[in-house]
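The values are calculated or read from the model by the stated rules, or taken from the named source; none is laboratory data. Nothing here was measured: the structure is a model prediction, and the numbers come from that model. Ideal geometry is used to build each Cβ from the backbone, glycine not excepted, and the neighbour counts take in all protein chains shown. Side chains included, ligands, DNA and RNA excluded: accessible areas come from the protein's heavy atoms. Shrake-Rupley method; radii C 1.70, N 1.55, O 1.52, S 1.80 Å.
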Amino acid sequence: MASHPLDPLSADEVRRATALLRREKGFGPGWAMAFLELVEPTRAELRYPSAVSARRAHAVLWERPAGTAYRAQLDLGADALTGWERLDGVQPNMTDTDWAVTDEILRGHPDLLAALAERGIDGDDQVLFDMWAFGGHLIPEKYAGRRVGWVDLWLRGSENGNPYAHPIPGITPIVDLNAGELLEIEIHPQPTELAPVMGEYLPELVEDLVPGFALRADRAPLDIVQPDGAGFTVDGRLLTWQKWSMRVGFNYREGMTLHQVAYDGRSVADRLSFAEMVVPYRDAGSQHFRRTAYDIGEWGLGNMTTSLELGCDCLGEIAYLDAVLADSRGEPREIRNAICLHEEDAGVLWKHVDYRAGAEVRRSRRFVVSFHVTVANYEYLTYWRFYEDGNIECEVRATGIMVTTPYDAAAGAAPGPVVDRQTYAPIHQHFIVARLDLAVDAEDGSGNTVVMTETVVPPVGEENPHGLALKATSTPLTTETAGKQDFSWETQRAWKVTNPNKTNGLGGAPSYKLVPGAAIPSMLAPESPVLARARVLEHPLWVTPYAPDERWPCGEFVTQSTEDTGLPVWTAADRSIENTDVVLWYTFGIHHVPRPEDWPVMPVDVVSFWLKPVGFFDRNPALDVAPSEGRHGACCASAARGEGCDATCPCCH
């Protein structure tokens with residue numbers, strides 16, 4: 001039984017929902033469930049959570065092989081199907097069924113075995129079939145209306161070898177995922193021999209390939225110890241740490257979601273999540289022109305979340321939250337340790353040295369809520385960090401294995417950056433769309449207004465004779481058209497979410513500022529069909545009024561889509577975004593020009609953005625952070641003044 005209306009569906013609720021669909025609509029063999037998730041109560045409903053008694057869910061499922069898709073609305077408390085809608089002209093998200101069907105189609109298929117044999121590969125025991133969804137503009141006319149996928153082939157060098165070490169070039173199967181049929185095998189003019197790469201990352205395999213390789217023996221032990229236990233508490237899905245509180249949700253598409261984020265009882269955000277991830281590979285060659293992934297809309301971060309391990313993924317006094325999803329058969333699938341909770345030392349929080357008073361210093365701590373996702377060859381490690389001074393940092397670390405391609409070095413230069421012998425990796429980009437439903441000081445339901453802030457240079461003249469002056473400007477954004485914002489390095493543009501209905505102790509409006517980071521340009525031509533599917537990439541920031549059904553910036557169904565049915569459609573109405581419940585859609589990411597150092601497994605590439613209080617407090621809210629205690633019992637501040645400190649104290653010597 002859920003203890004709060006925002007708690008994700010439990011395993012029992014998944015079973016009850018599936019039983020209801022079996023009883024009412026015959027769901028079972030021959031069907032596939034794209035997703036089943038909680039229908040979250042609105043912010044207005046959540047002001048009185050005790051009054052939200054109904055547990056509602058919705059699902060999308062389709063019938064194979066016809067491919068007809070339906071949306072179901074369910075009242076779990078009443079055990080009733082409250083809505084049933086046929087979905088024409090769309091393809092539901094990809095599922096584990098599609099992956100399994102691909103393997104069933106291709107494994108042992110005589111046509112594919114023959115194509116492999118022409119490249120000197122005997123059998124497919126060590127072959128990985130990596131199926132990708134089509135963009136609608138790339139589906140051959142003869143396959144229009146079908147649920148199709150195209151397939152990369154990769155060869156392991158051994159039983160436990162890197163499955164992405166050896167691309168098998170020039171062979172691209174196309175499969176019908178509903179009919180379970182191999183439609184054709186495209187043969188492209190590519191090198192027919194595997195490139196002589198060192199593509200392994202397991203130490204025992206690297207030892208055999210790299211002379212003199214050995215694991216480092218000079219890493220000293222590093223233990224994170226909290227003798228009194230963790231400084232945070234977990235009550236179901238409610239987390240509290242110092243002055244911060246929040247609830248944690250989870251679903252198939254966004255993965256982890258954060259709700260009702262507050263500092264010292266004051267609302268900061270209603271909901272924080274990732275709503276889309278677009279990954280275009282910028283290579284027009286035959287192996288890559290179809291390679292644009294929608295990792296959230298096509299596959300789902302929740303579906304690809306992996307279990308975390310103490311000491312490897314997280315350090316210190318750790319607590320974990322599990323997650324439950326519905327698989328394509330409608331059965332509950334539990335992900336153990338899906339979300340990691342811990343606190344970290346974050347260096348110096350504030351410090352000053354005065355010749356009379358001496359040194360006064362405080363160390364910073366942060367509370368970290370994280371989850372990790374494996375998207376085939378790539379990993380995305382996501383961290384939301386909450387600081388004692390009211391700051392929030394959102395960080396994504398990308399690691400895993402790059403897509404590589406062999407090339408004929410004798411025929412000319414590589415089409416992309418060379419990362420190993422006769423092997424290049426195409427330039428590609430990772431665009432992550434964060435959905436930020438902020439609610440600054442709005443626990444009473446009051447509205448927010450987004451204000452663009454810039455720093456400008458006044459002209460040289462009587463009031464600025466030396467050309468030294470700078471001036472901060474603020475421009476309220478009042479409509480969705482104005483809310484389409486671009487990054488400006490020249491003016492250090494940022495955006496404050498203000499509450500114009502409240503006044504701080506200095507006479508201003510309390511606010512939180514979105515400090516942009518990793519705002520990369522799309523570099524897509526205006527007429528590009530890739531951009532047509534992801535118009536969100538045209539601006540790093542869009543601002544919309546909250547609407548409960550506006551969740552997906554590129555549209556709800558991006559699998560085989562041809563155009564963006566999300567933000568461009570919603571904002572065409574040019575609605576007011578002034579003094580209302582606003583949602584910020586911020587796109588950040590990685591412009592990845594591969595390097596040899598990224599191969600065969602990539603060290604993390606780190607990108608982030610911040611949400612920082614501006615006038616939310618009347619002064620530094622971390623003045624009340626207590627001094628740290630050293631191992632000898634003297635606090636760092638006292639030790640720096642020579643009080644209660646000996647010459648061996650690690651705080652100051």
Subset of the range 90-116 [at pLDDT below 95 and either farther than 21 Å from Gly28 by Cα or of a type in the set (D, E, K, R) (or both)]: Asp96
Count - residues of the range 253-273 that are open to solvent by 10 Å² or more (accessible area, probe 1.4 Å) and either part of a loop (DSSP other than H, G, I, E, B) or not hydroxyl-bearing (Ser, Thr, Tyr) (or both): 7
Failed item, numbered, when Glu309 is tested on (1) among the acidic types (Asp, Glu); (2) over 12 Å from the mean Cα position of the chain (by Cα); (3) open to solvent by less than 10 Å² (accessible area, probe 1.4 Å): (3)
Selection count where residues are outside any strand (DSSP E or B), within 23 Å of His288 (Cβ to Cβ) and open to solvent by less than 10 Å² (accessible area, probe 1.4 Å), scope the range 391-443: 5
Residue match in the range 207-225 (condition: farther than 26 Å from Glu344 by Cβ, within 27 Å of the chain's Cα centre (by Cα) and either part of a loop (DSSP other than H, G, I, E, B) or small (Gly, Ala, Ser) (or both)): no
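Listed here are the residues, each with its yes/no results for (1) touching a Leu at 6+ places or on another chain (Cβ under 8 Å); (2) in a strand (DSSP E or B); (3) of a type in the set (Lys, Arg); (4) more than 30 Å from Ser561 (Cα to Cα).
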{"position": "Arg290", "(1), (2), (3), (4)": "yes, no, yes, no"}
{"position": "Tyr320", "(1), (2), (3), (4)": "yes, yes, no, yes"}
{"position": "Asn337", "(1), (2), (3), (4)": "yes, yes, no, yes"}
{"position": "Leu341", "(1), (2), (3), (4)": "yes, yes, no, yes"}
{"position": "Leu349", "(1), (2), (3), (4)": "no, yes, no, yes"}
Residues of the range 499-530 classified as closer than 17 Å to Ala439 by Cα and either in contact with a Pro (Cβ under 7 Å, 6 or more places away or on another chain) or modelled with pLDDT under 95 (or both), total: 5
Failed criterion for Ala284 (all others in (1) touching a strand residue (DSSP E or B) at 6+ places or on another chain (Cβ under 9 Å); (2) assigned to a loop (DSSP other than H, G, I, E, B) hold): (1)
Positions within the range 1-39 being over 21 Å from Val234 (Cα atoms), in a loop (DSSP other than H, G, I, E, B) and not hydrophobic (A, V, I, L, M, F, W, C), in sequence order: Gly26, Gly28, Pro29, Gly30
Which numbered condition Ala525 misses (of (1) assigned to a loop (DSSP other than H, G, I, E, B); (2) open to solvent by less than 40 Å² (accessible area, probe 1.4 Å); (3) of a type outside the set (Lys, Arg)): (2)
Answer from Asp618, Asp549 - the residue that is open to solvent by 40 Å² or more (accessible area, probe 1.4 Å), touching a residue at least 60 places away in the same chain (Cβ under 8 Å) and assigned to a loop (DSSP other than H, G, I, E, B): Asp618
